[in-house]
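The values are calculated or read from the model by the stated rules, or taken from the named source; none is laboratory data. These figures come from a predicted structure and were not determined experimentally. When we count neighbours, we look across all protein chains shown, and the Cβ atoms used for this are built from the backbone with ideal geometry, even at glycine. The area values use the complete protein model at the heavy-atom level, side chains included, leaving out ligands, DNA and RNA. Shrake-Rupley method; radii C 1.70, N 1.55, O 1.52, S 1.80 Å.
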Amino acid sequence: MFDPEKLIRKGLPKGHFKDLVVRSLLGGTTYFVVIIAALLFGKILIDGAPVLFKAEAPFVDFEFLTSKNQTLHVFDDAQGTRHQLPASEYSAYLAKHEGVPIHNEQTYSYSGGGIAGPIAGTALLTLGSMILALFFGVSAAIYLSEYAKQSPFIHAVRLAILNLAGIPSIVFGLFGFSVFVLAVPVITATPSDRSLLTLPLFIGDYVMSFQGWNSSLMAGCATLACMILPVIITASEESLRAVPQGFRDASLAMGATRWQTIRKCVLPFSLPGILTSSLLAITRVAGETAPIMFTAAVAAKDDLPWQGLKSPFDVLSSQVQALPYHIYTLAARIPSSEFTQRAQYGSVFVFLLLVATLSLGSMILRAKLRAKLKW
Amino acid sequence: MHDTMHHPPASLQEACTSVAVHDLDFCYGASQALTGINLEIPANSVTAFIGPSGCGKSTLLRCINRMNDEIPAARITRGGIRISGIDIYDPSVDVVKLRRDVGMVFQKSNPFPRSIYENVAFGLRLRGERHKTLIDQAVEGALRASALWDEVKDRLHESALGLSGGQQQRLCIARTIAVKPEVILMDEPCSALDPIATAKVEDLIWDLKNDYTFVIVTHNMQQAARVSDKTAFFYMGELIESSDTSKMFSNPSIKKTEEYISGRFG
Ligand SMILES: Nc1ncnc2c1ncn2[C@@H]1O[C@H](COP(=O)(O)OP(=O)(O)OP(=O)(O)O)[C@@H](O)[C@H]1O
Ligand SMILES: [Mg+2]
């Protein structure tokens, strides 16, 4: 029988206290994480933003973005005024005030000038690795989703690719070092001493020498591409599968070959998805330090990547500076002081801004495409 | 068949039979979907496939343009299909060319998310047609034939996804007839349409049947009775009865057929 006493209890419900504890515990951890993130971003914003932005028009200090990295000289002149000058201005100053003594001179590596070199290097590394990764990744994804029969072997391949995505980037760095830097074949007339193997080609003096590409833009791009490939393959395959089977059926039934079907009825409709996820991949490629540490990056370089080259192709075989590696250098290799902060926080701030822009871009793109591509 | 079958052996050619299915067994992996189907589909007429759900109508339809080739482990285990006397499962037959001669309209309308014009021009472009005026003509012809021209002539370059469901299905038909196949297979083309759109599709089939051989799968007995010249009744993967539609609906020779047509099971 219906018993109102049982249905409408008086007092606090059973388990009320427990519920309260669990709720505040879970909420507490969530807000703890939020507070940490807020502190982190707040600190970088407060210390970094003034480096890039300034009060008067045009409000952005392009100097910092476009000038080369230099050593900072800090000294007192005869009147006791403190000067902070990057190396080039410092030598100009000395030339102008010849014979005037300066006092308390200190130098801080990498802390003067701007970060044009690291920005350019990161841009090149990102561009190169994305071209490689998209080419191989999309090809593999097309094969997996459109051509391969769904056999246990293919499932194993897919699983292997998924697992590859979880490998720490330092492992890719070491892999890239031992393969691209030290072992891949090059065609040359003058093989190096440490070549692992040389094969004659019978064209002039040229031989195929397994000596690697040295630490270079090329090796860095290849390593970064390897690191990001699993992500690109998985995301591309997902986008390809999201294209309704009906399009493929219709196209095949119209007498299209499989490749025509893919080219005209599958790829165009999955391309937006592929590009969106690639934008996120770019964020990762641009931000990784470990894979380029041994394969492409240098801490200091006087020229921008495209300067001082004999031929434009030499840019591929030369080392570059890179933004994340530059940040690592600034943080770990030079003693921190009030004079190094500008470079340190400025670089981190620019870097975060870049990553945030790319993420935001891919989020907006995704939302737009979702609205547009409905079937 | 213009492309596929250049010189069909004259002895095999039967003037009035377009598609001939003989002794066909079909399996999806281990499960048999069709058993011992023998059926002649006459040219330039409408043949309806009827039968309860899961009896193998779609399977047989997809055998005729070899769309089943796309399904892993699905295969014909006995018998075969001839179109104009040519065994379409012969290794020398190019399946791509076969499908250009045997068009298909699917149950779920599936226009490409492109413009209306591009949808209809798709097949022509596949064949390498570049001539703008020729494509224009073919597109207009196909849209007129499928009774869609007046509704879309001012918005040819707008997305096909902006059309109503019935218009989309007629667009799919236009896309199929734009390339002038010999045989048109339709798998429940009206199942998602309202009575008015259905009537339009039926009129269209009626108008076009002098030029094409239609095979239409339908769950709608009235539709089969209205549009088809010949009806085939399937049950559990077997062909129970096939005959002229008028005879089938007025005087079926097998009890099961009568029960199904009168709606007593299925
Ligand atoms: N891709 C497939 N893989 C395995 N079995 C299938 C596949 N497609 C269909 N079948 C099976 O084959 C049998 C016939 O299916 P079919 O789709 O031809 O039926 P149908 O007569 O078209 O039914 P409906 O009227 O519901 O469309 C069914 O038992 C079905 O489960
Ligand atoms: Mg069906």
If one computes the Cα centroid of the range A:124-203 and of the range A:29-54, what distance in Å separates the two points?
38
Could you work out how far apart the two model spin labels at A:S359 and A:D314 are, taking each label as a point 7 Å from the Cα in the direction of the beta carbon, and quote it in nm?
4.0
Amide H contacts under 5 Å for A:F53, restricted to residues at least 5 apart in sequence or on another chain and with H modeled in the peptide plane, are A:D61
Relative contact order of chain B (C-alpha contacts under 8 Å, at least 6 apart) in percent is 26
Please give me the summed charge of the neighbours of A:V350: other residues whose Cβ is under 14 Å from its Cβ, Lys and Arg +1, Asp and Glu -1.
-2
Extension length gain for A:I36 and A:A156 (0.36 nm per residue less Cα distance), in nm, is 39.2 nm
Less than 17 Å from a label point 7 Å out along the Cα-to-Cβ axis of B:D229: which backbone N atoms in the range B:29-57 qualify, by residue?
B:39-49
Can you list, bin by bin at 10 Å, the percent of alpha carbon pairs in the range B:16-262, starting at 0?
7, 31, 35, 21, 6, 0
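Taking a probe of 1.4 Å, how large is the accessible area per residue of the protein assembly as shown, in Å²?
Working: 32770 Å² over 641 residues.
So the protein assembly as shown comes to 51 Å² accessible per residue, rounded to a whole number.
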Chain A: relative contact order in percent, alpha carbon pairs under 8 Å with at least 6 residues between
21
When the dipole is taken about the Cα centre of chain B, and only Lys, Arg (+1) and Asp, Glu (-1) are charged at their Cβ, what size is it in debye, to the nearest 20?
360
Pull up all non-local amide H partners of B:A232: gap of 5 or more, or a different chain, and H-to-H distance under 5 Å with H placed in the peptide plane.
B:A48, B:F49, B:I50
I'd like the Karplus ³J(HN,Hα) series for the range A:31-42: coefficients 6.51, -1.76, 1.60, θ = phi - 60°, whole numbers in Hz, and an x wherever there's a Gly or Pro.
6, 4, 4, 4, 5, 4, 4, 5, 4, 4, 5, x
Once the convex hull of the C-alpha atoms of the protein assembly as shown is built, how many Å³ does it hold per residue, rounded to a whole number?
327
Would you calculate the volume per residue, in Å³, of the smallest convex hull containing every Cα atom of the range A:100-204?
271
Report in % the part of the accessible area of the protein assembly as shown that belongs to carbon and sulfur, leaving out ligands and nucleic acids; probe 1.4 Å.
61
I need the P(r) histogram for chain A: all alpha carbon pairs, bin width 10 Å from 0 out to the longest distance, whole percents.
5, 16, 21, 21, 17, 11, 5, 3, 1, 0, 0
With a 20 Å threshold on alpha-carbon distance, the violating pairs from A:K264/B:K57; B:K108/B:K209; A:K264/B:K209; B:K97/B:K180; A:K264/B:K153 are A:K264/B:K57; B:K108/B:K209; A:K264/B:K209; A:K264/B:K153
Taking the dipole of chain A about the Cα centre (Lys, Arg +1; Asp, Glu -1; charges at Cβ), the one of A:S151, A:I187, A:L365 that reaches farthest to the positive side is A:S151
If the cut-off is 21 Å between C-alpha atoms, which lysines fall inside it for A:K301, apart from same-chain ones fewer than 8 positions away?
A:K68, A:K310
If amide hydrogens are placed 1.01 Å from N in the peptide plane, which non-local residues have theirs closer than 5 Å to the one on A:N69?
A:G114, A:A116, A:G117
